[in-house]
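**Student:** Got a structure for you, written out below as structure tokens; questions coming shortly.
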Amino acid sequence: AQKVTQAQTEISVVEKEDVTLDCVYETRDTTYYLFWYKQPPSGELVFLIRRNSFDEQNEISGRYSWNFQKSTSSFNFTITASQVVDSAVYFCAPQTGANNLFFGTGTRLTVIP
Amino acid sequence: EAQVTQNPRYLITVTGKKLTVTCSQNMNHEYMSWYRQDPGLGLRQIYYSMNVEVTDKGDVPEGYKVSRKEKRNFPLILESPSPNQTSLYFCASRGGSGSDIQYFGAGTRLSVL
């Protein structure tokens, strides 16, 4: 069985602040992938990043960065210099070949201008 | 353009009136799924299909049916809708590997009165 904990239900930050969204997961599979999706107010689900369970290198993409630590089963997401357009619900989700995406409950981020 | 198309986008119905939400993908994906999204609960998988004529229950299958007669289509059927099925529904598809990105439809907002 898989489980995802996104302990931060809602976060508010002022524009240009940095913010980190936490994700802790549980899975019995030894090979898996971790995903982050963004759901803006318009409602669609937007893929942000995919991470292989064997690759613990941190990743940076523009203002976004991800810190994957297998030892603590965490896959945290940081937005640097937040912008109003970053306001959304963010979901962390593991996936394996046999098992589909298993979503956490999400973190609602509000960026205040 | 890669797409997952679900219809209708909005639906209001009454208790007990059978309805079908259609889902179609144009990426020749093996894997298709249905999720429902409820406030505070994230997205939960209803049913999934790993290929034509192969379907299985997700985490919340009660009250739903699916079929996969063709690779591109995966309709969700509510034989006798009830108010607790009022929710936002997403269809998704991906390739057969656990590394494959899941693509989501735009969502169907269903209200059962």
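**Student:** Going by the structure shown, is B:TYR35 at pLDDT below 95, within 14 Å of another protein chain (Cβ to nearest Cβ) and surrounded by 13 or more Cβ atoms within 10 Å (Cβ to Cβ)?
**Tutor:** When the stated conditions are applied, B:TYR35 does not pass them.
**Student:** Would you check if there is a residue in the range A:11-19 being over 16 Å from A:VAL85 (Cβ atoms) and surrounded by fewer than 16 Cβ atoms within 10 Å (Cβ to Cβ)?
**Tutor:** no
**Student:** Moving to a separate point now. Which of the residues spanning the range B:1-34 are part of a loop (DSSP other than H, G, I, E, B) and under 21 Å from A:GLY43 (Cα atoms)? Don't jump to the end; show me each part of the working.
**Tutor:** Residues of the range B:1-34 part of a loop (DSSP other than H, G, I, E, B): B:1-3, B:8-9, B:14-18, B:26-30.
If the condition is that a residue be part of a loop (DSSP other than H, G, I, E, B) and under 21 Å from A:GLY43 (Cα atoms), then B:GLU1, B:ALA2, B:GLN3, B:PRO8, B:ARG9 are the ones that fit.
**Student:** Filter the range A:57-88 down to residues that are part of a helix (DSSP H, G or I) and at pLDDT below 95 and give me whichever is nearest to the other protein chains (Cβ to nearest Cβ).
**Tutor:** A:LYS70
**Student:** Could you please let me know if B:ARG68 is farther than 22 Å from A:TYR33 by Cα, within 12 Å of the chain's Cα centre (by Cα) and outside any strand (DSSP E or B)?
**Tutor:** It is true that B:ARG68 is farther than 22 Å from A:TYR33 by Cα, within 12 Å of the chain's Cα centre (by Cα) and outside any strand (DSSP E or B).
**Student:** Looking only at the range B:40-65, filter to residues that are in a loop (DSSP other than H, G, I, E, B) and among the small types (Gly, Ala, Ser); which one of those is modelled with the highest pLDDT?
**Tutor:** Among those residues, the one meeting the criterion is B:GLY63.
**Student:** Right, another one. So B:ASN84 ticks every box in (1) among the polar types (S, T, N, Q); (2) away from chain A (no Cβ under 14 Å); (3) closer than 27 Å to A:ILE49 by Cβ but one. Which box is left unticked?
**Tutor:** The one condition B:ASN84 does not meet is (3).
**Student:** Here are some residues: B:ALA92, B:ALA106. Which one is of a type in the set (A, V, I, L, M), crowded, with 18+ Cβ neighbours inside 10 Å and within 11 Å of chain A (Cβ to nearest Cβ)?
**Tutor:** Step by step, each of B:ALA92, B:ALA106 is checked, and only B:ALA92 is of a type in the set (A, V, I, L, M), crowded, with 18+ Cβ neighbours inside 10 Å and within 11 Å of chain A (Cβ to nearest Cβ).
**Student:** Hey, among B:ILE77, B:ILE101, which residue is more than 18 Å from B:GLU30 (Cβ to Cβ) and free of Cβ contacts under 8 Å to residues at least 60 places away in the same chain?
**Tutor:** Unique residue meeting the criteria: B:ILE77.
**Student:** Checking the structure you have, find out if any residue of the range B:75-86 is out of contact with any Leu (no Cβ under 8 Å at 6 or more places or on another chain) and surrounded by 16 or more Cβ atoms within 10 Å (Cβ to Cβ).
**Tutor:** Taking every residue of the range B:75-86 in turn, at least one turns out to be out of contact with any Leu (no Cβ under 8 Å at 6 or more places or on another chain) and surrounded by 16 or more Cβ atoms within 10 Å (Cβ to Cβ).
**Student:** In the list A:PHE54, A:PHE102, A:PHE91, which residue meets the criterion of being hydrophobic (A, V, I, L, M, F, W, C), part of a loop (DSSP other than H, G, I, E, B) and in contact (Cβ under 8 Å) with a residue 24 or more places away in the chain?
**Tutor:** None of the others qualify; the one that does is A:PHE102.
**Student:** I would also like to ask the following. If B:SER67 satisfies every condition in (1) polar (S, T, N, Q); (2) in contact (Cβ under 8 Å) with a residue 24 or more places away in the chain; (3) away from every other protein chain (no Cβ under 14 Å) but one, which is the exception?
**Tutor:** That leaves (2) as the condition not met.
**Student:** Residues being within 13 Å of chain B (Cβ to nearest Cβ) and either at pLDDT 95 or above or exposed (fewer than 15 other Cβ atoms within 10 Å of the Cβ) (or both): count how many of those fall in the range A:20-35.
**Tutor:** Count: 3.
**Student:** Can you tell me how many residues in the range A:88-113 are surrounded by fewer than 18 Cβ atoms within 10 Å (Cβ to Cβ) and more than 12 Å from the chain's Cα centre (by Cα)?
**Tutor:** 5
**Student:** Oh, and also: Which condition does B:THR5 not pass, out of (1) under 24 Å from A:ILE49 (Cα atoms); (2) surrounded by 16 or more Cβ atoms within 10 Å (Cβ to Cβ), if it passes all the others?
**Tutor:** Result: B:THR5 passes all but (2).
The values are calculated or read from the model by the stated rules, or taken from the named source; none is laboratory data. All values derive from a computational prediction rather than experimental measurement. So basically every Cβ, Gly included, is an ideal-geometry build from the backbone, and we count neighbours across all protein chains shown.
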